[in-house]
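The values are calculated or read from the model by the stated rules, or taken from the named source; none is laboratory data. Computed from a prediction, not measured in an experiment: that's the story for all the values here. Cβ atoms come from the backbone with ideal geometry, glycine included; neighbour counts cover every protein chain shown. Protein only, heavy atoms only, side chains kept; ligands, DNA and RNA dropped before computing areas. Shrake-Rupley method; radii C 1.70, N 1.55, O 1.52, S 1.80 Å.
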Amino acid sequence: LQGSKQRRHKRGVSSSCSQVPWGIYLPCYSFANNFKGICNFDEINYFLLCFTCSRQRYVLGDTAMQKMAKSRVFLSGMGGLGLEIAKNLVLAGIKALTIQDTEKCQAWDLGINFFLCEDDVANMRNRAEAVLQDIAELNPYVHVTSSSVPLNETTDLSFLDNYQCVVLTEIQLPLQKKINDFCRSQHPPIKFISADIHGIWSRLFCDFGDEFEVLDTTGEESKEIFISNITQANPGIVTCLENLPHKLETGQFLTFREINGMTGLNGSTQQITVVSPFSFSIGDTTELEPYLHGGIAVQVKTPKTFCFASLQIHTAMLALDQFQETYSRKPNIGCQKDSEALLKLATSVSETLDEKPEVNVDIVRWLSWTAQGFLAPLAAVVGGIASQEVLKAVTGKFSPLCQWVRKTEFFMEGDRYDALRACIGDTLCQKLQNLNIFLVGCGAIGCEMLKNFALLGVGTSKEKGMITVTDPDLIEKSNLNRQFLFRPHHIQKPKSYTAADATLKINPQLKIDAHLNKVCPATEAIYSDEFYTRQDIIITALDNVEARRYVDSRCLANLRPLLDSGTMGTKGHTEVIVPHLTESYNSHRDPPEEEIPFCTLKSFPAAIEHTIQWARDKFESSFSHKPSLFNKFWQTYPSAEEVLQKIQTGHSLEGCFQVIKLLSRRPRNWSQCIELARLKFEKYFNHKALQLLHCFPLDTQLKDGSLFWQSPKRPPSPIKFDLNEPLHFSFLLNAAKLYAAVYCIPFTEEDLSADALLNILSEVKIQEFKPSNKVVQTDETARKPDHVPISSEDERNAIFQLEKAISSNEATTSDLQMAVLSFEKDDDSNGHIDFITAASNLRAKMYSIEPADRFKTKRIAGKIIPAIATSTAAVSGLVALEMIKVAGGYPFEAYKNCFLNLAIPVIVFTETSEVRKTEIRNGISFTIWDRWTIHGKEDFTLLDFINAVKEKYGIEPTMVVQGVKMLYVPVMPGHAKRLKLTMHKLVKPSTEKKYVDLTVSFAPDSDGDEDLPGPPVRYYFSHDTD
């Protein structure tokens, strides 16, 4: 576009990937120089992007990331929705974005556009120019430009040829159709997306051309299925190993390998038909040899072509467009006359359509009454979905939307909240401003929630209202592509403080109290019952289940509503929990994750996940657990001489034999670190295989005559060390560096060279393998033993080793200390992931398992949750919409839980789980939200308590429990005597404790039945507390 402007950073450097801010320019330049002659600038840009977008890389994959890093997008309209889309696209890391807008900033925009400030309104700046710098600062690798050139019916659209995708917001229908037709006519077609918010209604349209090929429709990892049987039939039936569900769909393709007997299937690709959850059919197998054992079926991703139609539109939206053409405005807010006019237009439009759709009067009227308004959380939702569609358009990853998503009082006050008032009314606006909100977590969802709070005016009332946010974490580089309130200069600063400051720039009227605390039992003095009762709504933005369960328990105890949400890649969920209306978070539990059996990890891995977990366990054992045990032991027993004396006199010292072994094998210099690493290589990857084959030769048979070594068990092959093998070199070097770190041994760059290592290795003596009598565990239900038994020979050996260390002056104070390493996945210089990758892939090679690259290993070993800004924005918007309902005191039917997957794409809304009533007897019932209360006094006995419950609630408890402590169970010996004891003596409260929560049960209706459960009973120690 002619007249296109590019906003400058304060130091005069343009906001583009080719000229990044000086603070990161030199590292980028030197990194790029390393790739001279290897890759072009787009590829270098992609490598740079991967450093900050590692979580997103797990969502999209390298191919899609590379395509995205070469894509250019044109985006028209910098209202609230356009800005949401721009934010998400820049965080994702496209190559270039042009934002176009002709509108001037108004006070109205402050409530919908989070990058505008009051100066922009006062100076009537162009909206695109006003937000350019803030958008560009989100990602220095994205080239962001702005344009204020009008886009109308006379515009020459040929400039759009420079873009792979065009996104329109706030554009009237005739012009949308013209631009859509132009995009479709290009070769290849320019991807076209149109999106708008009209008050409480939204729409989103996609047109990617007649033949849009998607290489991966779901983004899920290819499934691997272990096979237990294949029939010789037409069609052949494949049965999964041990009746594990395959989770496949009819029509999918699988390729086969490692089949014994029916070898003709190996390497072939077959289309399958699902027969049952545990079996599927393939082609004719009658001509193949009989199946013997083993085999793995691997899902094959096949491309899918989507065909799109050009722009069409909903009847009500067509009527709205005609209204705008006729009156040069949208319908006035809450105006009955305009509502009737829009309804007439909708009726006449319906008559002209072939299908003659029925006009929904309520939809048309609400559209008319709120069309001028703007609901910021709705923009977050639609902006997240629309942004994901753009990424699909430029990468060909995931299934695109086909083709549509659609989804009072009012007094203009001329402030930032007018657009919100148009949608929800002034009374509800004021309720939002009076809210006390406790936001737990300030990561990706937390940042988005704070933005929504700012646009909605939450906690801005002068009389009341406050946002309390807490997060103990510091900002990391990997946070920057999702947590949009943070910038590179914020790295290693507290998330909560930084986010609070950034949110105040969006809306200076906010009141925010930022903390650095975890929310857990240890901080209940801070987040006490009094604190919770002051809060109107608690919102969690957490990344683990246990923390959610704890916060939910506190909300349940204090009768506070809770809004929970989470994302994993393109998937997301929201859950609404309202006192007395819904079940709580703890009312349902996901099935526990299946643990890898101990014997599988130790001796019989079958998948790369097993070898990665084994390598991670080795890291924890060698460099964290053992050093920690070593230090703890020598803190208890300060001298080696004292320990020797105690052992010799028959004392049993916990952990002493392992500690003495560590001391006796302690390396003293870099050469000994290399020697130790080399010995570990031999133990893990050579002797271990030889020992297993000694215990179970290849022809070993089970009692039923079948072979021991058959799928999923894989026979190991011993590996012979070769320094010229990169994997061997990597393990040796990284293991030695980690040993040097825990034993505080220095080394130089010269020490790391292959020649230096070769010289050291030439002096290392490797003992020949000698089989041992150790029993190899094969029971998959067996757990790792807590303690390894110590023999008398071990004791004698330990005494000898310790005496030798003392006499050699190798048990000094400095010798009795080790450095404990904490696993850190995001520091590429510490060698943690490099060690685990090398160890895992060597073990995989030993068992003929497909290896994993460093990137995949990091994800599995680090338990990294894939993340992308689009789903985060959508989820936070959905939570904010439910927050508005809670603030308005809506009935049960209004609340909705949501599950979404933007990859497919699918968005499913469900009713919340209604709270269940538990009947006791005689009409007495309770729910999880009910809590009985009893007020006592200093001499109040347990019998007084039981009688007080009977008198107040009409039923006598037969059992009283405090947590896991049984205070009174009639059948327990001695418990009858407790009836005369005071509650103070039984419960033993701390001085500041005002109450205790107890659980009571009641006698069953008939003998032999279980006791009837009751609600929690809160016992107050005095009458003046509540």
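Side notes on the structure shown:
- Leu727 being over 24 Å from Ile836 (Cβ atoms), modelled with pLDDT of 95 or more and part of a helix (DSSP H, G or I): no
- Subset of region 865-911 (residues that are surrounded by fewer than 17 Cβ atoms within 10 Å (Cβ to Cβ) and within 30 Å of Ile833 (Cβ to Cβ)): Ile865
- Positions within region 669-710 being part of a helix (DSSP H, G or I) and basic (Lys, Arg), in sequence order: Arg678, Lys680, Lys683, Lys688
- Any hit, region 654-664, residues being open to solvent by 20 Å² or more (accessible area, probe 1.4 Å) and aliphatic (A, V, I, L, M): yes
- Filtered residue count, region 835-855, keeping only those that are open to solvent by 30 Å² or more (accessible area, probe 1.4 Å) and in contact with a Phe, Trp or Tyr (Cβ under 9 Å, 6 or more places away or on another chain): 2
- Across region 54-76, the number of residues qualifying as part of a strand (DSSP E or B) and either open to solvent by 10 Å² or more (accessible area, probe 1.4 Å) or closer than 16 Å to Val142 by Cβ (or both) comes to 4.
- The residues on offer are Asn113, Asn139, and the sole one that is touching a Gly at 6+ places or on another chain (Cβ under 9 Å), at pLDDT 95 or above, in a loop (DSSP other than H, G, I, E, B) and not aliphatic (A, V, I, L, M) is Asn113.
- Hits in region 428-457 - residues which are in contact with a Ser or Thr (Cβ under 9 Å, 6 or more places away or on another chain), aliphatic (A, V, I, L, M) and more than 16 Å from Lys885 (Cα to Cα): Leu439, Val440, Ala444, Ile445, Leu450, Ala454
- Where Leu601 falls short, out of the listed (1) touching a helix residue (DSSP H, G or I) at 6+ places or on another chain (Cβ under 6 Å); (2) within 25 Å of Ile806 (Cα to Cα); (3) surrounded by fewer than 19 Cβ atoms within 10 Å (Cβ to Cβ): (2)
- Selection count, region 575-584, where residues are part of a strand (DSSP E or B) and either touching an Asp or Glu at 6+ places or on another chain (Cβ under 6 Å) or open to solvent by 10 Å² or more (accessible area, probe 1.4 Å) (or both): 2
- Among residues of region 301-345, those that are open to solvent by 50 Å² or more (accessible area, probe 1.4 Å) and either under 30 Å from Phe256 (Cβ atoms) or not polar (S, T, N, Q) (or both), counted: 14
- If you go through region 451-468 and keep only what is over 9 Å from Asn507 (Cβ atoms) and within 25 Å of the chain's Cα centre (by Cα), you end up with Lys451, Asn452, Ile467, Thr468.
- Filter result (under 17 Å from Phe278 (Cα atoms) and open to solvent by less than 60 Å² (accessible area, probe 1.4 Å)) within region 243-255: His246, Leu248, Gly251, Gln252, Leu254
- Whichever residue in region 506-530 is over 22 Å from Ala880 (Cβ atoms) and of a type in the set (Gly, Ala, Ser) and, among such residues, is surrounded by the most Cβ atoms within 10 Å (Cβ to Cβ): Ser528
- If you go through region 116-138 and pick out every residue that is within 30 Å of the chain's Cα centre (by Cα) and open to solvent by 10 Å² or more (accessible area, probe 1.4 Å), you end up with 4.
- Region 585-594 - residue that is open to solvent by 30 Å² or more (accessible area, probe 1.4 Å) and either of a type in the set (A, V, I, L, M) or part of a helix (DSSP H, G or I) (or both) and, of those, nearest to Lys683 (Cα to Cα): Asn586
- Screening Leu698 against (1) within 24 Å of Met846 (Cα to Cα); (2) aliphatic (A, V, I, L, M); (3) open to solvent by less than 60 Å² (accessible area, probe 1.4 Å) leaves a single unmet condition, (3).
- Unique match (being in a helix (DSSP H, G or I) and not aromatic (Phe, Trp, Tyr)) among Ala782, Ala811, Ala741, Ala819: Ala741
- Candidates Val214, Val274, filtered to the one that is closer than 16 Å to Pro303 by Cα, under 33 Å from the mean Cα position of the chain (by Cα) and surrounded by 15 or more Cβ atoms within 10 Å (Cβ to Cβ): Val214
- Selection status of Arg796, within 30 Å of Glu642 (Cα to Cα) and either modelled with pLDDT under 90 or open to solvent by less than 60 Å² (accessible area, probe 1.4 Å) (or both): yes
- Which listed residue, of Glu287, Glu221, is open to solvent by 40 Å² or more (accessible area, probe 1.4 Å), under 35 Å from the mean Cα position of the chain (by Cα) and either under 30 Å from His314 (Cβ atoms) or of a type outside the set (Lys, Arg) (or both): Glu221
- The listed residues are Thr498, Thr503, Thr540, Thr533, and the only one of them that is among the polar types (S, T, N, Q) and open to solvent by 40 Å² or more (accessible area, probe 1.4 Å) turns out to be Thr533.
- Condition met for Val349 (among the hydrophobic types (A, V, I, L, M, F, W, C) and assigned to a loop (DSSP other than H, G, I, E, B)): no
- Checked against (1) in contact with a helix residue (DSSP H, G or I) (Cβ under 8 Å, 6 or more places away or on another chain); (2) modelled with pLDDT of 95 or more, Asn669 meets all criteria but (1).
- Strands (runs of 3 or more DSSP E) contained entirely in region 914-970, each with at least 3 residues that are closer than 18 Å to Lys994 by Cβ and open to solvent by less than 40 Å² (accessible area, probe 1.4 Å): 932-935
- Residue-level analysis places Val1017 outside the set of residues that are surrounded by fewer than 16 Cβ atoms within 10 Å (Cβ to Cβ), out of contact with any Pro (no Cβ under 7 Å at 6 or more places or on another chain), in a strand (DSSP E or B) and not aromatic (Phe, Trp, Tyr).
- Within region 850-896, if we keep just the residues that are under 18 Å from the mean Cα position of the chain (by Cα) and not in a helix (DSSP H, G or I), the residue that is farthest from Ile296 (Cα to Cα) turns out to be Ile868.
- Identity of the residue in region 604-632, touching a helix residue (DSSP H, G or I) at 6+ places or on another chain (Cβ under 8 Å) and of a type in the set (Ser, Thr, Tyr), that ends up nearest to Glu221 (Cα to Cα): Thr611
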